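Reading through the structure tokens given below for one structure.
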Amino acid sequence: SSQAMAMLAAAPGHDHCQRHLAEGASAASLAAFATWPAAPGTEAEVFDCRDAQFSPEDFLHRCAGLGRPALVHGVPQQDAWPALEKWKSQDTFLEHYGQQHVQVTEMAAYHGLGKPMRVELTLEEYVGYARENQVDWPFYVWERNFTGDRQALLQDFEIPKMMGEDLYDLSPEVREFLPLSCHLFVLVGGHRTGSNMHKDPKWSSAWNTLLCGRKRWVMFPPNVPAESIGAMAGDAYKDGGPPAYWWLDHYPHLAAKNLGMVDILQCPGDTIFVPSGWWHCTLNLPDTPEDVTIACTRNIFPAETLDFVFPQMKASDPAFAQAFLEILKQKRPELLRFLPAELLLVHPKPSVVGDDPSWRLERVPFSRLSLASCRRDYIRCGRPLIIEGLGPHLLSQESCHLSRDFLSR
């Protein structure tokens, strides 16, 4: 742990207090975000999932389907999360998990080879670090590895029932596209920690439930240019400097710019819904006399976002989009109603490319091609050929590796 502390203290970017955010007027300005009301016209829609009139279907239509950020009260109570008690304060959280090692950051190995190295502290040690450090950009626990003893953390919460189905769970192949090892987190953050303005990956939406402390959020619609809101494109935000700087330098000027800003103060027990494609940033605001906020979050793919997500998926990764569509047709055909009819059209590929008899490329389905005809008509004659539908057979146990032989002999 002393070695880990030394590494954190020397990490570039995290080793300075150039603007002295931990003291004086800057510290007071940041602390004020725990009480300042949102500017008129920037408030999020608010729900309480414990209300008898609350409808998950209506929520998903209005917020996921129409792309509206939301603040939802009561998820841990409604779904009876153990975290409601175990995570309700810094002290009770440490009573249960104080000696649990968690990842504070990853650092490249000194030799520059291999995977980044996990830098770990116990949660008790991290709380001490959060209390004592004075740097402008403190480290922030984003634990995503729930092997070993950390599995216990996952027993304390679950995906909110009101969020419905996550389409990335349709099959192992689809889940591999957005693995939970990168998109399910327990978050523990001290003063001056948060996330810089960014969009979530793979067109996912997200929920984030806070159990301890407060957290301030600002969001902007997907079509707002990054440069107009002090954001960086792509993954550059991860190394974009102290998140607290944005709140001091950009926040004061943005509410009046008519960019569709949404400003939310999240309190214990509140769940934030982040629609697909929306810009968002956060600032952690521990309650006095505590030193950290405690939350959990997961990226999801609600069915109601299909009409927004699938065209982008198809444009960015056509092969995965087609595979996803086929799985959707097999497993959840009733969800195709969320997709425009033109996106479901299958344009047949030409069976022959090229008019010159001396050179033409043929496309033949695997099911219509015998090994003998393939050798006789194509391989021995040197004629180019596209074999359709062979891929799944290469992985099929029932094929007994026949298709491998088909290609190699």
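Here's how it looks for ASP270: its modeled amide H is under 5 Å from those of LEU210, which are all 5 or more places away or on a different chain. The GNM of the chain, with springs linking C-alpha atoms under 10 angstrom apart, assigns the highest mean-square fluctuation among ALA152, ALA52, ALA31 to ALA52.
Only the Cβ atoms of Lys and Arg (+1) and of Asp and Glu (-1) were treated as charged; on that basis the dipole of the chain about its Cα centre amounts to roughly 1620 debye. Taking a quarter of the surface of the Cα convex hull of the range 248-309 gives a mean projected area of 6.2 nm².
Taking log10 I(q)/I(0) by the Debye sum over Cα atoms at q = 0.06, 0.14 Å⁻¹ as calculated from this structure, the corresponding entry among (1) -0.24, -1.31; (2) -0.32, -1.27; (3) -0.37, -1.30 is (2). Its relative contact order, with pairs defined as Cα atoms under 8 Å and 6+ residues apart, puts the range 5-111 at 16 percent. Whole-Hz Karplus values for the range 333-343 come out as x, 5, 7, 4, 5, 7, 9, x, 4, 5, 6 Hz, taken residue by residue from phi with 6.51 cos²θ - 1.76 cosθ + 1.60 and θ = phi - 60°; glycine and proline positions read x. For the range 275-283, the Karplus equation 6.51 cos²θ - 1.76 cosθ + 1.60, evaluated at θ = phi - 60°, returns couplings of x, 4, x, 7, 5, 7, 9, 9, 9 Hz by residue, with Gly and Pro reported as x. Here the Karplus curve 6.51 cos²θ - 1.76 cosθ + 1.60, taken at θ = phi - 60°, turns the phi angles of the range 306-314 into couplings of 4, 5, 8, 7, 4, x, 5, 4, 5 Hz, with x standing for Gly and Pro.
Take every pair of alpha-carbon atoms less than 8 Å apart whose residues are at least six positions apart; their mean separation over the length of the range 45-86 yields a relative contact order of 47 percent. A 1.4 Å probe, protein heavy atoms only, puts the accessible area of SER181 near 70 Å². Pairs of lysines in the range 127-243 whose Cα atoms sit within less than 20 Å of one another amount to 4, provided the residues are eight or more positions apart or on different chains. Computed with a 1.4 Å probe on the full set of protein chains, the accessible area for ASP239 sits at about 130 Å². Counting charges near GLU120 (Lys, Arg +1; Asp, Glu -1) among other residues having Cβ under 15 Å from its Cβ returns a value of -1.
Highest GNM mean-square fluctuation among GLU132, GLU124, GLU85, for the chain modelled with Cα contacts below 10 Å: GLU132. LYS86: which aspartates and glutamates have alpha carbons under 19 Å from its alpha carbon, excluding same-chain residues fewer than 8 sequence positions away? Those aspartates and glutamates meeting the cut-off are GLU95, GLU124, GLU125, GLU143, ASP149, ASP156, GLU158, ASP270, ASP287, GLU290, ASP291. If you run the Gaussian network model on the chain, springs between alpha carbon atoms under 10 Å, then out of GLN266, GLN90, GLN330 the most flexible one is GLN330. Dividing the C-alpha radius of gyration of the range 232-375 by 2.2 N^0.38 Å, with N its residue count, gives 1.72.
Sequence-distant contacts, meaning Cα pairs under 8 Å at least 6 residues apart, place the relative contact order of the range 261-377 at 13 percent. Surface composition of the range 259-361: carbon plus sulfur atoms contribute 59% of the solvent-accessible area (1.4 Å probe, protein chains only, all chains present).
Take every Cα-Cα distance within the range 77-156, group them into 5 Å bins from 0 onward, and report for each bin the whole-number percent of pairs it holds. Percent of Cα pairs in each bin: 3, 13, 19, 22, 18, 12, 7, 3, 1, 0.
Taking every DSSP beta bridge that has both ends in the chain, the antiparallel portion is near 85%. Placing +1 on the Cβ of every Lys and Arg and -1 on the Cβ of every Asp and Glu, with nothing else charged, gives the range 58-213 a dipole about its Cα centre of roughly 440 debye.
The values are calculated or read from the model by the stated rules, or taken from the named source; none is laboratory data. What you are looking at is a predicted structure, and each value in this text was computed from that prediction instead of being measured. FYI the Cβ positions are ideal-geometry reconstructions off the backbone, even for glycines, and counts take in every protein chain you see. Surface accessibility is based on the protein's heavy atoms, side chains included, excluding ligands, DNA and RNA. Shrake-Rupley method; radii C 1.70, N 1.55, O 1.52, S 1.80 Å.
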